[in-house]
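Structure record follows, encoded as structure tokens.
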Amino acid sequence: AQSVTQLDSQVPVFEEAPVELRCNYSSSVSVYLFWYVQYPNQGLQLLLKYLSGSTLVKGINGFEAEFNKSQTSFHLRKPSVHISDTAEYFCAVRDFGNEKLTFGTGTRLTIIP
Amino acid sequence: NAGVTQTPKFRILKIGQSMTLQCTQDMNHNYMYWYRQDPGMGLKLIYYSVGAGITDKGEVPNGYNVSRSTTEDFPLRLELAAPSQTSVYFCASRDTGSTDTQYFGPGTRLTVL
């Protein structure tokens, strides 16, 4: 069965500093990987996804993530964060051929002015 | 396109009451999902549907029922509300084409007292 671990529940970062949000998954089959962002009192919005091909995936708002199969990781990065990036970030995995998306518990990113 | 819409946005129920959470999508997606989000727990799948007339259980289906009579609508029914069902509920639909993306509604915040 697929599972997702987001190691950091909260990450405070100074404005314009780089950030990395960590995500590890476990699965016995090939996977699709996703990062979603949730702004306060809103639904989830897709940031980026890995389906196949290049392991470095670029998404919206300057975020990118790298799929590392050997380490079963899909860490999210941004070189310079802004106040507007304050939100909760969820990593999710879906096994190939499975209709169900499994979410991590989320990482709350707080930007310090 | 309105995307995925959910009603109501907020609701307070007494123990034992019943209610239906409405979800509608206008993107002609076959796949639809109901999740609940509890603090610090990420999203858990309640039920999903792969098309009109077809539904299946997710991780946490107990206490809920669904139906899918049309492509657009996927209501979630709570028959006997319990305090454990206090949560934020999200509906989503999925584009199974090349983008393979789930689109989320804004959520319904339900409190059972």
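The values are calculated or read from the model by the stated rules, or taken from the named source; none is laboratory data. All values derive from a computational prediction rather than experimental measurement. Note: ideal-geometry Cβ built from the backbone for every residue, glycine included; neighbour counts use all protein chains shown. The protein model used for the area step is the full one, side chains on, heavy atoms only, and it has no ligands, DNA or RNA in it. Shrake-Rupley method; radii C 1.70, N 1.55, O 1.52, S 1.80 Å.
Numbers for the structure displayed
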| item | result |
| --- | --- |
| Selection count where residues are open to solvent by 50 Å² or more (accessible area, probe 1.4 Å) and either within 13 Å of chain B (Cβ to nearest Cβ) or not acidic (Asp, Glu) (or both), scope the stretch A:4-25 | 8 |
| Residue check for A:Arg94: touching a residue at least 40 places away in the same chain (Cβ under 8 Å), within 12 Å of A:Arg22 (Cα to Cα) and either open to solvent by 10 Å² or more (accessible area, probe 1.4 Å) or of a type in the set (D, E, K, R) (or both) | no |
| Within the stretch A:33-56, tally of residues that are over 17 Å from B:Leu43 (Cα atoms) and open to solvent by 20 Å² or more (accessible area, probe 1.4 Å) | 8 |
| Residue in the stretch A:60-74 that is touching a residue at least 24 places away in the same chain (Cβ under 8 Å) and closer than 19 Å to B:Ser93 by Cα present | no |
| Strands (runs of 3 or more DSSP E) wholly inside the stretch B:1-100 that include at least 1 residues being among the aliphatic types (A, V, I, L, M), under 25 Å from A:Val31 (Cα atoms) and open to solvent by less than 70 Å² (accessible area, probe 1.4 Å) | B:31-37, B:43-51, B:87-95 |
| Those residues of the stretch B:46-79 which are small (Gly, Ala, Ser) and within 14 Å of chain A (Cβ to nearest Cβ), in sequence order | B:Ser49, B:Gly51, B:Gly58 |
